[in-house]
1. Give segment 307-325 a look and list any residue that's under 28 Å from residue 387 (Cα atoms) and in contact (Cβ under 8 Å) with a residue 60 or more places away in the chain, or say none.
2. Please tell me if residue 82 is assigned to a loop (DSSP other than H, G, I, E, B), touching a residue at least 24 places away in the same chain (Cβ under 8 Å), over 30 Å from residue 377 (Cα atoms) and in contact with a strand residue (DSSP E or B) (Cβ under 8 Å, 6 or more places away or on another chain).
3. From the list 315, 391, exactly one residue is over 29 Å from residue 58 (Cβ atoms) and part of a strand (DSSP E or B). Which is it?
4. For residue 307, all conditions in the list (1) assigned to a loop (DSSP other than H, G, I, E, B); (2) touching a helix residue (DSSP H, G or I) at 6+ places or on another chain (Cβ under 7 Å); (3) surrounded by fewer than 16 Cβ atoms within 10 Å (Cβ to Cβ) hold save one; what is the number of the exception?
5. Out of everything in segment 173-189 that is assigned to a helix (DSSP H, G or I) and surrounded by fewer than 20 Cβ atoms within 10 Å (Cβ to Cβ), what residue ends up being farthest from the ligand (Cβ to nearest atom)?
6. Can you name the residue in segment 210-229 that is within 16 Å of the ligand (Cβ to nearest atom) and out of contact with any helix residue (DSSP H, G or I) (no Cβ under 8 Å at 6 or more places or on another chain) and is also farthest from residue 302 (Cα to Cα) among such residues?
7. What is the one condition in (1) buried (at least 18 other Cβ atoms within 10 Å of the Cβ); (2) within 23 Å of residue 52 (Cα to Cα); (3) touching a residue at least 24 places away in the same chain (Cβ under 8 Å) that residue 358 does not satisfy?
8. On the basis of being within 22 Å of residue 141 (Cβ to Cβ), crowded, with 17+ Cβ neighbours inside 10 Å and either over 20 Å from the mean Cα position of the chain (by Cα) or more than 15 Å from the ligand (Cβ to nearest atom) (or both), does residue 63 make the cut?
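Nothing in this text is a laboratory measurement; each read-out follows from the coordinates by a stated rule. Only a predicted model underlies this, so the values are computations on that prediction, with no experimental measurement involved. For neighbour counting, all protein chains shown are included, and Cβ atoms are generated from backbone atoms with ideal geometry for every residue, glycine included.
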Ligand code: FCB
């Protein structure tokens with residue numbers, strides 16, 4: 001059976017500034033909250049940092065050539081805010097703008113469409129010192145920063161993503177303390193979530209002003225949630241997990257109020273910020289019409305009463321411990337289409353961590369990543385057939401990189417990185433992906449499942 005995609009479907013790969021660039025203090029760049037967090041002992045596995053990472057800042061041209069060799073049609077990358085505005089606002093660092101401008105030119109010359117994320121988690125530390133995302137002022141600073149970047153790049157970049165995964169920024173960073181800035185306070189997390197959404201709504205018209213032909217969207221990590229069992233308690237846990245991770249962001253973006261059940265829950269817990277009532281006044285700004293939603297999908301969440309989400313016994317998992325569950329992608333795409341009526345969807349991230357490295361001949365036989373991608377591509381194609389307006393697909397990630405709190409221990413790349421020499425080697429999955437792009441599909445000869453065995 002041949003799995004094929006619509007003629008104008010866009011195939012790409014994604015990265016983020018802090019995960020690949022390195023050059024953390026060069027050419028006038030300011031400190032980001034991830035620089036600060038990673039330099040704090042005990043926060044990152046093996047105390048690794050993104051100081052050098054994939055050294056992409058110095059290897060930009062070779063990396064664009066690599067993408068061209070792989071036949072990528074689009075590349076999603078992020079801009080480091082503190083490279084542009086070292087203190088988050090005020091003085092502009094031209095060298096930072098120049099770097100991204102040259103990257104964009106290089107991509108366009110190579111026939112690769114740039115998709116630019118304005119915020120992939122590296123807030124200028126100077127703004128964190130003033131309260132960061134928990135401070136409402138940061139929303140306006142973000143819109144100003146967006147305007148500055150779009151004035152420079154908006155003639156050539158026509159696809160803009162305001163934020164990457166505001167849930168992760170707000171809750172991993174402010175409630176669970178596992179990401180920068182490392183806070184553990186739900187009230188701050190809810191404030192941060194609100195200001196992230198507000199900043200998105202403030203930035204969208206500013207982007208359009210400087211880049212009138214642009215499509216503007218936001219990338220969300222939407223999980224498919226299932227209850228562990230059919231007890232009332234498990235069903236309620238699933239509904240809450242869905243509210244916490246999905247509806248809290250999707251509802252206001254779609255023009256609805258914050259989900260009432262979750263407002264009630266946070267109120268009962270005494271975790272609702274006092275100003276929550278006023279936050280409602282911002283809803284029309286948050287709901288400013290967007291051109292697309294970016295979906296980052298990796299796994300499903302199985303909710304159980306009174307405990308953390310779980311992975312069903314025997315289910316295949318990646319090295320992150322995330323269940324491989326392609327049907328979840330189908331369900332989420334369908335839901336975005338039928339429940340939220342989104343005009344357009346790009347899968348802005350999907351991929352898997354497996355550490356396969358080169359054999360004696362230098363070949364990287366990462367069969368499990370290829371299988372993971374194949375199953376998820378097929379699920380996406382089924383969703384398109386069912387009517388989902390899916391317009392493109394970005395594999396996470398172009399190359400192995402700094403995986404946040406996991407440091408370099410988790411490898412998501414289509415390209416393998418030797419962090420000692422910075423050598424890049426295209427993995428088998430990367431070669432296979434090139435063939436998928438060239439054919440705009442693939443023939444499905446393998447069974448529809450994935451082995452859990454390592
Ligand atoms: C997502 C992030 C991305 C990467 C993948 C594995 O949550 O957006 O930067 O770390 O997970």
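1. Listed by number, the residues that qualify are 324, 325.
2. No: the conditions fail for residue 82.
3. 391
4. (2)
5. Among those that are assigned to a helix (DSSP H, G or I) and surrounded by fewer than 20 Cβ atoms within 10 Å (Cβ to Cβ), it is 187.
6. Residue satisfying both the conditions and the ranking: 217.
7. So the condition that residue 358 fails would be (1).
8. no
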